[in-house]
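A short write-up of the structure that comes next.
Values quoted throughout were computed directly from the atomic coordinates according to the rules given, and no laboratory measurement underlies them. In this text the structure is predicted, and so the values were computed from the model without any measurement. Note that each Cβ is placed from the backbone with ideal geometry, even for glycine, and that neighbours are counted across all protein chains shown.
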Amino acid sequence: MVQTQSKKDAVATDTAGGGGGISLGKGAWDCDRNVEIPPEAEAEVFEEIATMELPFEGIPTIPPRKDMDHMAFFCEGCRYRVTAYPDWTAAKVKQALWDGGIQRSNKPASKRNTPGLQRWEDLTLMYACQRMDNDKQLREYHVPPGCGCLIAIETAKLFTKPPPDSAYWN
């Protein structure tokens, strides 16, 4: 585990890379800085380190989040961290994700059955299985400050059948 002085330092390392592709279930990206979050820093950045702050029967647990300024969105197997607040509209959050590089989640054109993310309007944000309208605030969907379990998905994927070799058909 890498010890850093702050979460900001954890995402600003030169060893982060960020030029390669994303593999399913791996990777994190800081949209505020447009850099990869190194795997060894993810637990610290996303406040997932168990402590004895609130133990359960003597077992360390992950304490309640303290960072209420950032939200985490899952898109194509990668977690995207972005500054966002419940009083922001979904459109404003989509623009922040776009400006921060979420379009890097696109597969190569030869390997996808949808157009891919071409602009921020191609994103659909979801929380608790609810699709968010661009003009509504996140609080209207009961998204709490600092929420870490939101989804950002290419809108076309919601209306396209999965490819024939997808696990969907198994």
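Hey, can you grab everything whose amide H is under 5 Å from the amide H of GLY146? Only 5+ residues off in sequence or another chain; H modelled, so Pro and N-termini drop out.
Residues meeting the amide H criterion: HIS70.
Using a 10 Å cut-off on Cβ atoms, rank the peptides 146-152, 53-59 from the highest mean neighbour count down.
In decreasing order of mean packing, 146-152, 53-59 become 146-152, 53-59.
Can you compute the label reach from THR114? Point 7 Å from Cα along the Cβ direction, backbone N cut-off under 18 Å, restricted to segment 132-170.
132-134, 150-169
With labels modelled as points extended 7 Å from the Cα through the Cβ direction, what inter-label distance (nm, one decimal) is found for ARG33 paired with ILE59?
The two pseudo-label positions are separated by 3.3 nm.
Under a plain spin-label model, where a point goes 7 Å from the Cα along Cα-to-Cβ, how far apart in nm are GLU40 and TRP169?
Between GLU40 and TRP169, the label points sit 4.3 nm apart.
Name the residue from GLY146, PHE74, ASN134 whose Cα lies farthest towards the positive end of the charge dipole of segment 68-170, charges +1 on Cβ of Lys and Arg and -1 on Cβ of Asp and Glu.
In segment 68-170, that residue is PHE74.
What percent does the relative contact order of segment 78-170 come to when contacts are Cα pairs within less than 8 Å and at least six residues apart?
It comes to 34 percent, rounded to a whole number.
Working from the pairwise distances between different alpha carbons, so that the mean of 1/r is found and then inverted, what is segment 23-170's Kirkwood radius in Å? Intermediate values should be presented prior to the final figure.
On the way: mean 1/r = 0.0607 Å⁻¹.
Value: 16.5 Å, from the Cα pair sum.
With only Lys, Arg, Asp and Glu charged, each at its Cβ (+1 for the first two, -1 for the last two), find how big the charge dipole of segment 41-170 is about the Cα centre; round to the nearest 20 debye.
In debye, rounded to 20, segment 41-170 gives about 620.
Obtain the nm distance between the two label points defined at LYS66 and CYS129 by a simple spin-label model: each point lies 7 Å from its Cα along the Cα-to-C-beta direction.
It works out to 3.6 nm between the two label points.
Based on the mean of other Cβ atoms within 10 Å per residue, sort peptides 64-72, 162-170 so the most packed one is first.
64-72, 162-170
For segment 21-104, which semi-axes, largest first and in whole Å, follow from the square roots of 5 times the eigenvalues of its Cα gyration tensor?
Calculated on Cα positions only, the semi-axes equal 26, 17, 9 Å.
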